[in-house]
1. So what's the gap between the Cα centers of segment B:88-112 and segment B:121-150, to the nearest angstrom?
2. Antiparallel as a % of all DSSP beta bridges within chain A, to the nearest 5?
3. If I model a spin label as a point 7 Å beyond the Cα along the Cα-Cβ vector, how far apart are those points for A:Lys48 and A:His185 in nm?
4. Can you list the trypsin sites (Lys or Arg not before Pro) in segment A:124-181 that are in a DSSP coil and have 12 or fewer other beta carbons within 10 angstrom?
5. What's the center-to-center distance, using Cα atoms, between segment B:156-180 and segment A:64-109 in Å?
6. Convex hull over the Cα atoms of the protein assembly as shown, averaged projected area in nm²?
7. By DSSP, what percent of the beta bridges with both residues in the protein assembly as shown are antiparallel, rounded to the nearest 5?
8. Mind ranking B:176-184, B:123-131 by how tightly packed they are, going by the mean number of other C-beta atoms within 10 angstrom, highest first?
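Rule-based calculations on the coordinates, nothing more; no lab input. None of these values were measured; they are calculated from a predicted model. Quick reminder, even Gly has a Cβ in these numbers, built from the backbone with ideal geometry, and neighbours come from all protein chains shown.
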Amino acid sequence: MIEFKELQVTYPEFTLSFEDDAFPKNKVTFVTGRNGVGKTSFLKAIGKLLPYRGNIRYEGFATYHFQEPILFNRTVRENALYPIKIRKLDCADFEDKLKRYASILHIDHLLDRQAKELSSGEKMKASLLRSILFAPEIVLLDEPTTHLDLESIDQLTMLIKTLKPTTTFVIVSHNRAFIEALSDHVYHIGGKYVHR
Amino acid sequence: MFLEGLREAIELLLSFDRELYGIIGLSLFISLLATLTAGALGVLSGILISVTNFRGKRLLKKLIFTFMGIPPVVLGLVVLLVLAGPLSNMNLLFTRTAMYTAQTLLVYPIITGSIIITSEKTQQKVLETATTLGASRNNKLMLLIAETKPFILLSIILGFSRAISEVGAVMLVGGNIRGETRVMTTFIALNTSMGNYGASIAMGLILLVIAFLIHTTIARFRSDFYD
């Protein structure tokens, strides 16, 4: 479960305030709201990438996936295994999972390709693969359907369904079909600004 | 006059004149040593400055960027005043050590500044991504070095290019002493002023070949990076 109370993110010109809520464990929560209400700031605060005021509580590691992800200058496989390597885990133990998830996303034929050679949709999938392979307890996805065609969105939906029993997802998205296919809980940000 | 100079230059090069090749060797040696020293210090400090937040960081960066464009003759003057003043008892003025020092100081801000610019601008998202994947400070430092590798090589090559072609600073602190501190650029300056165009053209040709090799290498790294 992800619990937060009196959560605020402060910028030089304004402060964003978020209503208290608790997101269920091993479920998919969608964060919705108009452009500019602070969905990305909220997600980054949950991922502890932004300074915030208030309380955020959860167990385990939360990884944040950028809307415009960056792949490192190496192969797709090496990118996906990077979080495994820095945790000093045995990469061989993750090989089956790597192939399975890559196959769901239809990028299994790209594993040994240099990341810089991929299209933007393929880059998005490779980056998603890197974010989930090391089995973080919480995955925060910021508009993951950007750059993906309809077929690829279905593949991503399938992947999230596969991982849901052991992973809590918090997803910012405007894609109605994607939300309807996966949503267990919706957190709507109305845009409560406190201007300085 | 040019054709006559060119003929003289080819003859001189083919004669394998000991003094001429000694000057070439000394130029390459000092420039290489200065670039390697400045490169080691510049890469390390450039990456550290870009990943660390501290008081006075903006001022330090401004100073480094300013020194990236310092006229070599001004730097040479500063080094000369220091070696002739506070450090005069070390007897370093008009020595190869003085030339090495001046070139290192000249190249250091070029390498450091380039590394800071590329690390901060291009690699900001790489560091943020690494943070989201749970990377430690050391992991991020290693990742940044790996990701900036083409830029590191590029900035070192640029530094060497600046060192080998520099004349003002080495002339001031080295004194252009025959057999001791005479390098390719000061050789050209002296021979041109004496009207020995053949010797100047010969040395100029070698410098051009070196410049060509440097820029061919740069072009290769640039295409590697922008692929």
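1. 33 Å
2. 50 percent
3. It is 1.9 nm.
4. Listed in order of number, the matching sites amount to none.
5. Cα centroid to Cα centroid, the span is 49 Å.
6. Directional mean of the projected Cα hull area for the protein assembly as shown stands at 27.7 nm².
7. 50 percent
8. Most protected by this proxy first, the peptides run B:123-131, B:176-184.
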